[in-house]
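Everything below concerns the one structure shown next.
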Amino acid sequence: MEAKENGSVDTKSSVENGQLMDPAHWAVADVVNYFKATGFEEQANAFQDQEIDGKSLLLMTRNDVLTGLSIKLGPALKIYEYHVKPLQTQHLKSNVS
């Protein structure tokens, strides 16, 4: 990923060998852009409001996403199950190997 002058990471170049770059290096703006790009434009603002960067995203529990972001239950469940949890799993696997 290329670092921009403001410290965020260019999410357009966040793919390497067909996989996302490690979210641990994402700035708040990168997390917001990721969720906007995956169809959660309205909910992405909650990550901005709570200042969730990549490291924080990787530490989030299901309960954090469901209650801590003040977003509707349906989108919150999808965000956690289809995005946060897989990103956490990918991060753990990439750091083990």
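Numbers below:
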read-out	value
Unit charges at the beta carbon, dipole of region 40-93: most positive-side option, Leu87, Ile52, Val65	Leu87
Solvent exposure ordering (accessible area, 1.4 Å, most first) of Ser94, Ser70, Ser56	Ser70, Ser94, Ser56
Region 25-97, accessible area per residue, ligands and nucleic acids excluded (1.4 Å, Å²)	59
Stretch gain in nm, segment Leu66-Gln48, where the contour uses 0.36 nm per residue and the Cα spacing is subtracted	4.9 nm
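The values are calculated or read from the model by the stated rules, or taken from the named source; none is laboratory data. All of these numbers come straight from a predicted model, not from anything done at the bench. Here Cβ is always computed from backbone atoms with ideal geometry, including for glycine, and neighbour counts include all displayed protein chains. Accessible surface areas use protein heavy atoms only, side chains included; no ligands, DNA or RNA. Shrake-Rupley method; radii C 1.70, N 1.55, O 1.52, S 1.80 Å.
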